[in-house]
1. Considering (1) in contact with a helix residue (DSSP H, G or I) (Cβ under 9 Å, 6 or more places away or on another chain); (2) over 26 Å from residue 408 (Cβ atoms); (3) surrounded by fewer than 21 Cβ atoms within 10 Å (Cβ to Cβ), say which one residue 87 fails and leave the rest.
2. What are the pairs, 6+ residues apart or on separate chains, where a residue within region 348-373 that is under 10 Å from residue 211 (Cα atoms) has its Cβ under 7 Å from a residue that is within 11 Å of ligand 2 (Cβ to nearest atom) and not in a loop (DSSP other than H, G, I, E, B)?
3. So, restricting to helices (runs of 4 or more DSSP H) that lie completely within region 153-224, which ones have at least 1 residues that are closer than 30 Å to residue 429 by Cα and in contact with a strand residue (DSSP E or B) (Cβ under 8 Å, 6 or more places away or on another chain)?
4. Can you name the residue in region 102-119 that is in a loop (DSSP other than H, G, I, E, B) and loosely packed, with under 15 Cβ neighbours inside 10 Å and, of all such residues, is nearest to ligand 2 (Cβ to nearest atom)?
5. Among the candidates 169, 151, single out the residue that is under 23 Å from residue 409 (Cα atoms), touching a residue at least 60 places away in the same chain (Cβ under 8 Å) and either touching a helix residue (DSSP H, G or I) at 6+ places or on another chain (Cβ under 9 Å) or not assigned by TED's automatic domain parsing to the domain that holds residue 282 (or both).
6. For the subset of region 406-424 comprising residues that are more than 21 Å from the chain's Cα centre (by Cα) and in contact (Cβ under 8 Å) with a residue 12 or more places away in the chain, which member is farthest from residue 9 (Cα to Cα)?
7. Name the helices (runs of 4 or more DSSP H) wholly within region 331-425 that hold at least 3 residues that are within 22 Å of residue 246 (Cα to Cα)?
Ligand code: FES
Ligand code: FE
């Protein structure tokens, strides 16, 4: 079956087999060989600031608790009791001294260790508690973002991110104080394959002018909006290890700015950009800061730099995913700017936002159309500017292709996806792509 799978991503000709968005056996492989092996975004440090703070989320379909233990470390462990398997924690977030199971009262620590279960009365001599703690994942952070991984052999987070850290810094390292998530989490279910969200954000600027035409007209308050933005020859697709960033348009055209029209924002962003130039250099401040461009950290964590909606596409089967989204801001951001940015996120990229449903409808239909066996047999075109990627750009790290309207990042994403799915061991997966 692996040979069959390998034929489904044709990098040379830029073709993708539609079955990767539909088949159950491929989805099971994704859970086993990708989600159980890869580093996955699970939280922002600001969500688990104090001892006992926790959030729950998913790594693949494994429900996990992300919790700040009294040793100061963040622990990530499975949310399923080792007695009869009941779910232990039902809250999305909160503060806990321990997690106690509803069924028979087994109690677990904020590091996942089994603490007790009426041993004096019943269990004396029948259990070794050390063997029945919750399964911990490895945990590493990158500038405020918490990642976890269930595979002991996986390379370190630093290598997993590779050259992409240079791009991540554009949103994570603008100021000395760093970033935080504000407001709550917005959740939404889609009847679509999770990869459609990830590949859209990894490099699909081509859809923006068409899919979001009416929304863009609405926020531009009746102004003329071209169906396609002019092709800036210096705009680019950048990818490394399957992660991708597209952009490179000068200016501070953030969605917050577009949707609020507040002039104090311009002043704020221009000022921030000057500070950022001092930290990260002119190039990133000029070309990458604040533009309406998008990015995906392989496999399923995406964001829009500028408006800073951060989101995970959590798989719920081959034909369904749950989107969880947060707004990220610099800790130093003044209150009234925060408010504008958060409102802009809700207005644009939330279930009630003007752009989100446009995308969702496309992804649901692109998935559901594959129920037809004849339809499903025709491959899809991913060949726009394929083969134009180069690794020796004098300014930009990673694999670069210009201009940004292309399928280059999408193909790099599926190449990495195939690296994981077809590998027997870590030796088969190139450390850097
Ligand atoms: Fe959790 Fe029995 S299932 S205590
Ligand atoms: Fe979109």
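The values are calculated or read from the model by the stated rules, or taken from the named source; none is laboratory data. These numbers come from a predicted model, not from an experiment. For neighbour counting, all protein chains shown are included, and Cβ atoms are generated from backbone atoms with ideal geometry for every residue, glycine included.
1. Result: residue 87 passes all but (1).
2. These pairs meet every condition: 355/215; 355/348; 358/211; 358/215; 359/200; 359/211; 362/211.
3. Numbers: elements: 157-161, 165-172, 194-203, 208-211, 213-219.
It comes to 157-161, 165-172, 194-203.
4. Once the filter is applied, the top-ranked residue is 102.
5. Details: 151 fails: under 23 Å from residue 409 (Cα atoms).
Every option except 169 fails the conditions.
6. Filtering region 406-424 for residues more than 21 Å from the chain's Cα centre (by Cα) gives 422-424.
Next, from what is left, pick out any that are in contact (Cβ under 8 Å) with a residue 12 or more places away in the chain: 422-423.
Working: 422: 11, 423: 15 Å.
Of everything passing the filter in region 406-424, 423 is farthest from residue 9 (Cα to Cα).
7. On the way: elements: 335-348, 356-368, 373-376, 408-422.
Answer list for region 331-425: 335-348, 356-368, 408-422.
Residues are listed down the side, and each one gets a yes or a no for (1) in contact with a strand residue (DSSP E or B) (Cβ under 9 Å, 6 or more places away or on another chain); (2) at pLDDT below 95:
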| site | (1), (2) |
| --- | --- |
| 345 | yes, yes |
| 349 | yes, yes |
| 362 | no, no |
| 365 | no, no |
| 369 | no, no |
| 373 | no, no |
| 379 | yes, no |
